[in-house]
Amino acid sequence: DLEESAAGLIFGLEQNWIGDPASNSQINKTFALAQKLEKDGKDVLAKSWRLQALVKRAYNDVYQQRRYVCGLESVAGAMSVLRRTWSPDHRLDDAEASLERDCVDKTMSSYKSRVLQLASDINKTVGAEVLQTQDKMLNIQLIDESVTDVPFLLDQVKSIKKLKSNDDKEKAIAKLTGWTDPGKDGYYAALASVPQSPHLVLPVPLESDPARYINPSVSGDRYHSSHWISSQRSVFELYDSSVVVRFEGLKSSAQYKLRVGWAGGDGEVQLSANKHSILQKYTAATSSTKDYSVPQSETKGGSLELECQQKPGVGGSGRSCYISEMWLTVESDDVVIV
């Protein structure tokens, strides 16, 4: 039944957007439903922009998933090569080859073509009352937008190759590959990562807070090649809620240092540790990376809970505490516990 197929497709598309797209098996299942609807309801589909929009999204989702997975594999391959002990030029050449891999094969090209055709069909069949209020491009201009770190890494690799000495190349490679390395007994958290960072605390289940008035929201859906995507995506809080990050399994004898990648926002924000120590008093939000010394008394119990809040009762957009990344590193070990 065509109506049941359409309803199933709508539900399937909603499931497409849950969790990590790289491992979401529902995307292929939804795509199969769309193809069945195309076959069984060809005549109806030709006249209905609503059905065309559903099918278009299913094709786009499977196209984007495969681009995403391929991009992740290219990045993983390049990083693996760069961490080896070969000559820097050899590693850089192999990393560049991995990053320049063509992720769009013949099958994927056919999916993209179908998305473009359906977008054209929608604009032909949609009513004037809808057409005048919608984006006629239907997001087509973003279909090949980067969704992984491939452009950034490729730019970095090409820049490093231009350095004259091997020593300079080695230092640049080490800096590039060590971005997420917090060192021995340290922790790194990309707070807006997919899948979700295990260090980000959600006060309530997501299904009970669909508008994210309590749980942190995520910002950053357009990327540029000047930095890691993890630095361009961030979490933020609304109004009087807060962003909470928790680290477990800390060494009781270690002195830790915290580095926070702030990502802008409005108002003034405060950062505290375990609700006891104020690491940063209310200060104007900024887009910068800052370091903080964490009192050893806050980590000797083996855990650390960091909380960012804006001043209570502030109006405006209510958005604040934009944070992209955190590094918790061991500054010194064998501290005398008092």
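The values are calculated or read from the model by the stated rules, or taken from the named source; none is laboratory data. Nothing here was measured: the structure is a model prediction, and the numbers come from that model. Quick reminder, even Gly has a Cβ in these numbers, built from the backbone with ideal geometry, and neighbours come from all protein chains shown. Calculation scope for accessible area: heavy atoms of the full protein, side chains included, ligands and nucleic acids excluded. Shrake-Rupley method; radii C 1.70, N 1.55, O 1.52, S 1.80 Å.
A few comments on the model shown:
- Within segment 269-323, being farther than 26 Å from Ser193 by Cα and in contact (Cβ under 8 Å) with a residue 60 or more places away in the chain holds for Pro312, Gly313, Val314.
- Residue selection: Gln15 satisfies the criterion of being touching a Lys or Arg at 6+ places or on another chain (Cβ under 9 Å), over 30 Å from Asp167 (Cα atoms) and open to solvent by 20 Å² or more (accessible area, probe 1.4 Å).
- Per the listing Val75, Val69, Val62, Val81, the residue uniquely touching a Lys or Arg at 6+ places or on another chain (Cβ under 6 Å) and among the β-branched types (Val, Ile, Thr) is Val81.
- Taken over segment 275-332, the criterion of being of a type in the set (Gly, Ala, Ser), in contact with an Asp or Glu (Cβ under 9 Å, 6 or more places away or on another chain) and open to solvent by less than 50 Å² (accessible area, probe 1.4 Å) is satisfied by Ser277, Ala285, Gly302, Ser303, Gly318, Ser320.
- Glu248 meets each of the listed conditions (1) at pLDDT 90 or above; (2) more than 19 Å from Ile18 (Cα to Cα); (3) surrounded by 15 or more Cβ atoms within 10 Å (Cβ to Cβ) apart from (3).
- Selection count, segment 245-270, where residues are outside any loop (DSSP other than H, G, I, E, B), among the charged types (D, E, K, R) and over 16 Å from Met326 (Cα atoms): 1
- Subset of segment 211-228 (residues that are closer than 16 Å to Phe152 by Cα, free of Cβ contacts under 8 Å to residues at least 40 places away in the same chain and among the polar types (S, T, N, Q)): none
- Those strands (runs of 3 or more DSSP E) of segment 135-244 in which at least 1 residues are of a type in the set (Val, Ile, Thr) and more than 20 Å from Cys70 (Cα to Cα), considering only elements entirely within it, cover 217-219, 234-238.
- Selection of segment 98-129 for residues being of a type in the set (A, V, I, L, M) and surrounded by fewer than 14 Cβ atoms within 10 Å (Cβ to Cβ) yields only Ala128.
- Single residue of segment 7-23 satisfying the filter (among the small types (Gly, Ala, Ser) and assigned to a helix (DSSP H, G or I)) that is nearest to Glu207 (Cα to Cα): Gly12
- Considering residues of segment 26-59 that are small (Gly, Ala, Ser) and within 26 Å of the chain's Cα centre (by Cα) only, the residue modelled with the lowest pLDDT: Ala53
- Number of positions in segment 49-89 that are touching a Ser or Thr at 6+ places or on another chain (Cβ under 7 Å), open to solvent by 20 Å² or more (accessible area, probe 1.4 Å) and not hydrophobic (A, V, I, L, M, F, W, C): 3
- Out of Ala6, Ala22, Ala32, sole residue that is buried (at least 18 other Cβ atoms within 10 Å of the Cβ) and among the aliphatic types (A, V, I, L, M): Ala6
- Helices (runs of 4 or more DSSP H) completely within segment 24-106 that count 3 or more residues being among the aliphatic types (A, V, I, L, M) and over 29 Å from Ser159 (Cα atoms): 26-40, 42-47, 49-82
- Conditions (1) open to solvent by 70 Å² or more (accessible area, probe 1.4 Å); (2) of a type in the set (Val, Ile, Thr); (3) more than 30 Å from Asn274 (Cβ to Cβ); number of the one not met by Val150: (1)
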